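Trainee: The following block contains the structure, expressed as structure tokens.
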């Protein structure tokens, strides 16, 4: 049964890597923020699967919710498209 | 065996929304995909809590649903020019 | 008996969650994707969490709270996303039939600036 | 409506939510939940409710229990509708945005009607301006305001008018 969990976490790790690459290469900074939010949310699921529920709660709340909002305030104050 | 089928169907759904989030043409497409991904992942977390047989894991699903809602609302407010 | 109902609800929900994801892949523009994403994932997550509650009856109150929260917040977030994407100028699909939204000046205010 | 009744209604809702979240009846947890729900209700009752205990009159509760099964039936029908459109190879969709008028006056009524429209077959609320609603319809049958108002929110307003206004 634990091989099922192994396969699930392998798929999630692959998508985390793809999301990180999209975050680095995007010209539109809103897209970069959304991709980094995907990385954070998937990382919370990964912590959950590795049986660390307190770390998963902190990751989902701080990184998934608050950091996204703070980054949005930052690109609202500066500019959306990278030169 | 029945566990494998149920979890595999839901993980397939997560993978499809993540693909749409990676290649969506506009930022709105990506955000719609991320919003659906968080709801699907909440269901996956509830199911995995029963698989691991830990009551505390349900709290993570609750926090995940609440905080992802905050991130979605923040991105929507940014896109219509508010915030 | 409770176990059978629980498994039925879990498979029902998983099937609709998969259909919602498939709709997000296949539909042509933002608004149609929003339709599939909202309806299917709301019913799917609701039915899956209630099904888990039936399989393990001591957990039923908390899964009920999770289901209630999803039922309340999911339509609001999809409404906010739809309004934001219309006001930020995302076009409709080219085979769309009618667009009454142009008659209201609140909707197209953002495009003129 | 009196401030006391609004305060009591808010703390009652918060306390029931606490009981569901902890799902025990040990005396310490119930006591601490009661104290915190009273304190939080003291700060938030002003923006939480407008009608107070009048929300709990027997007729309204009865109408709400009549409304819920109908709503869930509509939701299941909506999901099979979406399933048909997704699985069909040619995708029989005919999308468009139509304009309807709602009869609800209060903010809570508009919220419930908009959420119900979003979860029922083929429709999605895009914007609410006063009493005009702009609705994205996946299979447009008519673009006339009167007929669309009969078709989409009319079925809910008959039930909802009883327990929200």
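The values are calculated or read from the model by the stated rules, or taken from the named source; none is laboratory data. Quick caveat: nothing in here was measured; it's all calculated off a predicted structure. Cβ atoms come from the backbone with ideal geometry, glycine included; neighbour counts cover every protein chain shown.
Trainee: Which residues, taken from the stretch D:12-32, are over 27 Å from the mean Cα position of the chain (by Cα) and either closer than 18 Å to residue B:59 by Cα or exposed (fewer than 14 other Cβ atoms within 10 Å of the Cβ) (or both)?
Mentor: Going residue by residue through the stretch D:12-32, those that are over 27 Å from the mean Cα position of the chain (by Cα) are D:24-32.
Hits for the stretch D:12-32 are D:24, D:25, D:26, D:27, D:28, D:29, D:31, D:32.
Trainee: Then there is this: Can you find even one residue in the stretch D:57-70 that is modelled with pLDDT of 85 or more, surrounded by 14 or more Cβ atoms within 10 Å (Cβ to Cβ) and farther than 16 Å from residue D:4 by Cβ?
Mentor: Looking for residues that are modelled with pLDDT of 85 or more, surrounded by 14 or more Cβ atoms within 10 Å (Cβ to Cβ) and farther than 16 Å from residue D:4 by Cβ, one finds none in the stretch D:57-70, hence no.
Trainee: Before we move on, is residue C:14 in a helix (DSSP H, G or I), within 7 Å of chain B (Cβ to nearest Cβ) and modelled with pLDDT of 90 or more?
Mentor: Values: in a helix (DSSP H, G or I): yes; within 7 Å of chain B (Cβ to nearest Cβ): yes; modelled with pLDDT of 90 or more: yes.
Yes; evaluated as a whole, the condition is true for this residue.
Trainee: Does residue A:59 count as at positive phi and out of contact with any strand residue (DSSP E or B) (no Cβ under 8 Å at 6 or more places or on another chain)?
Mentor: Working: at positive phi: no; out of contact with any strand residue (DSSP E or B) (no Cβ under 8 Å at 6 or more places or on another chain): yes.
Considered against the rule, which asks whether it is at positive phi and out of contact with any strand residue (DSSP E or B) (no Cβ under 8 Å at 6 or more places or on another chain), residue A:59 comes out as no.
Trainee: Among the residues in the stretch B:13-34, are any over 13 Å from the mean Cα position of the chain (by Cα) and in contact (Cβ under 8 Å) with a residue 40 or more places away in the chain?
Mentor: The answer is yes; a qualifying residue exists.
Trainee: Hey, another quick one. With chain B as the region, which helices (runs of 4 or more DSSP H) entirely inside it contain at least 1 residues that are touching a strand residue (DSSP E or B) at 6+ places or on another chain (Cβ under 8 Å) and facing chain A (nearest Cβ under 8 Å)? Write out each step before concluding.
Mentor: Numbers: elements: B:2-23, B:27-52, B:57-79.
Here the list reads B:27-52.
Trainee: If residue D:100 satisfies all but one of (1) closer than 24 Å to residue C:85 by Cβ; (2) modelled with pLDDT under 75; (3) in contact with a helix residue (DSSP H, G or I) (Cβ under 7 Å, 6 or more places away or on another chain), what's the number of the condition it fails?
Mentor: Status for residue D:100: all satisfied but (2).
Trainee: Please work out which one of (1) more than 18 Å from the chain's Cα centre (by Cα); (2) over 23 Å from residue D:133 (Cα atoms) is the condition residue D:62 fails and give its number.
Mentor: It fails just one condition, (1).
Trainee: Which condition number does residue C:90 fail, the rest of (1) in a loop (DSSP other than H, G, I, E, B); (2) more than 7 Å from chain B (Cβ to nearest Cβ) being met?
Mentor: (2)
Trainee: Need a quick list: helices (runs of 4 or more DSSP H) entirely within chain A having at least 3 residues that are at the interface with another protein chain (Cβ under 9 Å from one of its Cβ atoms) and farther than 19 Å from residue B:71 by Cβ.
Mentor: Details: elements: A:2-25, A:29-49, A:53-58, A:68-77.
Those helices (runs of 4 or more DSSP H) span A:2-25.
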